[in-house]
1. Could you tell me whether any residue of the range A:39-48 is within 7 Å of another protein chain (Cβ to nearest Cβ) and open to solvent by 70 Å² or more (accessible area, probe 1.4 Å)?
2. Evaluate the following for B:Arg82: is it in contact with a Leu (Cβ under 9 Å, 6 or more places away or on another chain), more than 9 Å from chain A (Cβ to nearest Cβ), open to solvent by 70 Å² or more (accessible area, probe 1.4 Å) and at pLDDT 65 or above?
3. Is there a residue in the range A:55-77 that is touching a Ser or Thr at 6+ places or on another chain (Cβ under 9 Å), at the interface with chain B (Cβ under 7 Å from one of its Cβ atoms) and among the β-branched types (Val, Ile, Thr)?
4. If you go through the range A:21-36 one residue at a time, do you hit one that is within 8 Å of chain B (Cβ to nearest Cβ), modelled with pLDDT of 90 or more and out of contact with any helix residue (DSSP H, G or I) (no Cβ under 7 Å at 6 or more places or on another chain)?
5. All but one of (1) surrounded by 13 or more Cβ atoms within 10 Å (Cβ to Cβ); (2) out of contact with any Cys (no Cβ under 8 Å at 6 or more places or on another chain); (3) within 12 Å of another protein chain (Cβ to nearest Cβ) hold for A:Glu12; which doesn't?
Amino acid sequence: MEPHVHTKKCQEVLSRLSDYLNVDLPPDACAEIDAHLAGCPPCVEFAESLQKTVEICRRYRPAELPAPIGQEAREQLLEAYRRMLDARRTRGA
Amino acid sequence: MIGCQALERDEEIELARQLIDGEPAAFDRFVEHFRAKIFHYSWMMCRNREDAEEVAQEALLKVFEHFDQLREPGRVRSWVFRIAKNACLTKRRRSVFAPPREHSFDEFLPSMGHDGGRLKLQIADWSRLPDGPMLQAEMRDAVEQAIGELPDGHRSVLLLRGVEELSTEETAQTLDLPVDVVKTRLHRARLAVRKKLDEFLRTEVLAVKE
């Protein structure tokens with residue numbers, strides 16, 4: 001792709017892209033960005049790449065997985081849960 | 001995820017509701033689901049497997065000890081992550097002190113060169129993201145590396161808001177941050193990951209094509 005002449009307006013738009021993509025901007029600010037994107041294909045391309053990044057992050061899960069929980073650790077958690085229920089019953093009684 | 005079917009948010013809420021009602025049948029499913037989530041978060045924050053497993057256990061212990069304090073089952077995910085975040089911070093304080101870093105916005109914008117007061121923008125071709133399993137794994141590694149290189153404050157925001165899909169407000173409450181700070185950090189973190197993926201697309205994908 002040919003280098004694009006990138007203006008301060010482009011810079012301003014890029015600085016607000018996450019809010020724009022999250023639909024988290026007031027309508028007039030959205031309209032302003034829409035107007036800029038309509039005449040600036042490289043900014044559209046950048047916005048699309050950021051949108052894809054958002055989707056990739058959403059789908060991302062680390063390759064690292066926890067080892068299966070051991071019996072002792074499970075019992076410790078279950079015991080904490082039972083203690084909490086008992087304490088609540090005692091308070092309610 | 002292997003061995004752990006990811007639950008939708010409404011299923012999480014239902015499990016939380018059952019546990020609040022004292023139905024232990026939901027216990028194992030809840031543990032399996034949130035243990036993996038807390039492990040992933042803390043592994044990305046601590047980058048140490050042993051620490052991440054300990055954080056998962058310590059956080060779940062606190063979750064069950066205080067389950068009656070969860071007033072709204074609909075907030076179970078952010079409540080659990082708030083506990084996990086605190087467990088992670090405690091663990092990190094005990095190990096290595098990592099000074100906080102802030103990223104400037106400009107360093108994540110595409111490669112630019114000054115040209116008579118204007119700037120040039122170059123972007124890799126994102127029209128075809130890798131679809132083969134090997135390239136997808138490489139891309140995941142690139143994402144992981146990018147997230148791993150973020151300052152702690154940006155990484156935790158991206159993991160909670162961008163990966164775990166907490167709302168902006170939930171992320172702010174979980175991390176004790178103002179909403180505006182969450183938004184700023186989220187944007188910078190996304191830009192950093194985008195930049196890493198852009199570099200990946202310029203090198204790895206082109207290398208495969210040749």
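1. Kept after step one, since they are within 7 Å of another protein chain (Cβ to nearest Cβ), are these residues of the range A:39-48: A:42, A:45-46, A:48.
With open to solvent by 70 Å² or more (accessible area, probe 1.4 Å) added as a condition, the list becomes A:48.
Yes, there is a match, as at least one residue in the range A:39-48 is within 7 Å of another protein chain (Cβ to nearest Cβ) and open to solvent by 70 Å² or more (accessible area, probe 1.4 Å).
2. Values: in contact with a Leu (Cβ under 9 Å, 6 or more places away or on another chain): yes; more than 9 Å from chain A (Cβ to nearest Cβ): yes; open to solvent by 70 Å² or more (accessible area, probe 1.4 Å): yes; at pLDDT 65 or above: yes.
The answer is yes for B:Arg82.
3. Start the filter on the range A:55-77 by keeping residues that are touching a Ser or Thr at 6+ places or on another chain (Cβ under 9 Å), which leaves none.
Looking through the range A:55-77, none of the residues is touching a Ser or Thr at 6+ places or on another chain (Cβ under 9 Å), at the interface with chain B (Cβ under 7 Å from one of its Cβ atoms) and among the β-branched types (Val, Ile, Thr).
4. Step one: list which residues in the range A:21-36 are within 8 Å of chain B (Cβ to nearest Cβ), which gives A:22, A:24.
Next cut, modelled with pLDDT of 90 or more only: none.
No - not one qualifying residue is present in the range A:21-36.
5. (1)
The values are calculated or read from the model by the stated rules, or taken from the named source; none is laboratory data. Bear in mind that the values here come from a model prediction, so they are computed numbers and not experimental data. When we count neighbours, we look across all protein chains shown, and the Cβ atoms used for this are built from the backbone with ideal geometry, even at glycine. These accessible areas exclude ligands, DNA and RNA; they are computed on the full protein's heavy atoms, side chains included. Shrake-Rupley method; radii C 1.70, N 1.55, O 1.52, S 1.80 Å.
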